Amino acid sequence: MSLLLDEIALATARLAEAGVDSPRADAEIIAAHVHNVKRGELHAVPDSEFDATFWADIGRRENREPLQHITGQAYFRYLELDVAAPVVVDLGTGSGAIALSVAQEVPRATVHAVEGDPLARSWAERNVTKHVDGYTAGRVLLHAGDFTTPAPRAGLRELDQLAGTVDLVVSNPPYIPLGSIVQPEVAEYDPPGALWSGIDGLDAMRAVERAARWLLRPGGLVAVEHSDKQGAPVFWIFAEEAGWRDTTNHKDLTRKDRFVTASWPGE
């Protein structure tokens, strides 16, 4: 076994003791970042090229600094959509991960990414600029806006011309109930506005529902992410009694409820 793999094994034990959820994966990602190789190439790093910066970064992760802060990169699984969606709105885009994924995965889609927080919007702008290429050029448009206002038209003025014409609204809104205990990576590094969402954690989800009603064309779709304990209440936010159709709970790879989709028949 190589020196680097031995060090990764030791680092995995340290991260596990610190309560990190995925200690082996995090240790390997940090090692690959420090040594500028892919994770599958870690075994090929010569012992003479071991970089002690690895242990400095492991110490940061051990103190529960988010992995993406250490490596400067975040990863988002490609979306698989069953509908061609030429006009998409991503509410609360954050880093722009969902908006960019949709633009890459859905041919001809124009994605309007909305973010109210100036700092988050600056990161989204940076990522949109970084990933613009011949395929996605001009198809991800960033807007300043607050979708959580009681009247969507007031908070989403830049999208006024899209009202009633959007094919798909997507959102990963804040959904943590006030007073909940969260991991240090989240509590100490993410802005409060990206975390807390009222007593039951669903204030922002209700705002997404209001905004989606305003934005979607008849037959348009909405897809929202939630915590693994909120499948039932989110379903009822988008239930038939509220005017929605075909509301469906979907599970993640661990078979836990993770997102809800629904269609809007129009007023």
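The values are calculated or read from the model by the stated rules, or taken from the named source; none is laboratory data. Just so it is clear, the structure is predicted and the values come from calculations on it, not from any experiment. A quick note on method: Cβ atoms are made from the backbone with ideal geometry, for glycine too, and the neighbour counts reach across all protein chains shown. Surface accessibility is based on the protein's heavy atoms, side chains included, excluding ligands, DNA and RNA. Shrake-Rupley method; radii C 1.70, N 1.55, O 1.52, S 1.80 Å.
Residues in region 195-230 that are assigned to a strand (DSSP E or B), among the hydrophobic types (A, V, I, L, M, F, W, C) and within 12 Å of residue 175 (Cα to Cα) were compared, and the one that is modelled with the highest pLDDT is 224.
If the condition is being open to solvent by 60 Å² or more (accessible area, probe 1.4 Å) and modelled with pLDDT of 85 or more, then region 63-106 contributes only 63. The set of residues in region 117-170 that are of a type in the set (Phe, Trp, Tyr) and within 17 Å of the chain's Cα centre (by Cα) comprises 123, 147.
In this structure, does residue 233 turn out to be farther than 22 Å from residue 113 by Cβ and not in a strand (DSSP E or B)? Spelling it out, residue 233 is indeed farther than 22 Å from residue 113 by Cβ and not in a strand (DSSP E or B). For region 103-132, filtering for residues that are under 24 Å from residue 167 (Cβ atoms) and free of Cβ contacts under 8 Å to residues at least 12 places away in the same chain leaves 1. One residue stands out in region 236-267 among those that are of a type in the set (Asp, Glu) and part of a helix (DSSP H, G or I): the one that is least open to solvent (accessible area, probe 1.4 Å), namely 240.
If the condition is being in contact with a Lys or Arg (Cβ under 9 Å, 6 or more places away or on another chain) and surrounded by 21 or more Cβ atoms within 10 Å (Cβ to Cβ), then region 160-174 contributes only 166. Candidates are the residues of region 46-62 that are surrounded by 12 or more Cβ atoms within 10 Å (Cβ to Cβ) and of a type in the set (Gly, Ala, Ser); the one that is farthest from residue 2 (Cα to Cα) is 59.
Restricting region 22-45 to residues that are within 15 Å of residue 67 (Cα to Cα) and in contact (Cβ under 8 Å) with a residue 24 or more places away in the chain, the residue that is surrounded by the fewest Cβ atoms within 10 Å (Cβ to Cβ) is 33.
From the residues in region 205-220 that are of a type in the set (Gly, Ala, Ser) and more than 15 Å from residue 265 (Cβ to Cβ), which one is surrounded by the fewest Cβ atoms within 10 Å (Cβ to Cβ)? Once the filter is applied, the top-ranked residue is 207.
The residues in region 107-122 that are modelled with pLDDT of 85 or more and either within 18 Å of residue 215 (Cβ to Cβ) or surrounded by fewer than 19 Cβ atoms within 10 Å (Cβ to Cβ) (or both) can be counted, and the count is 11.
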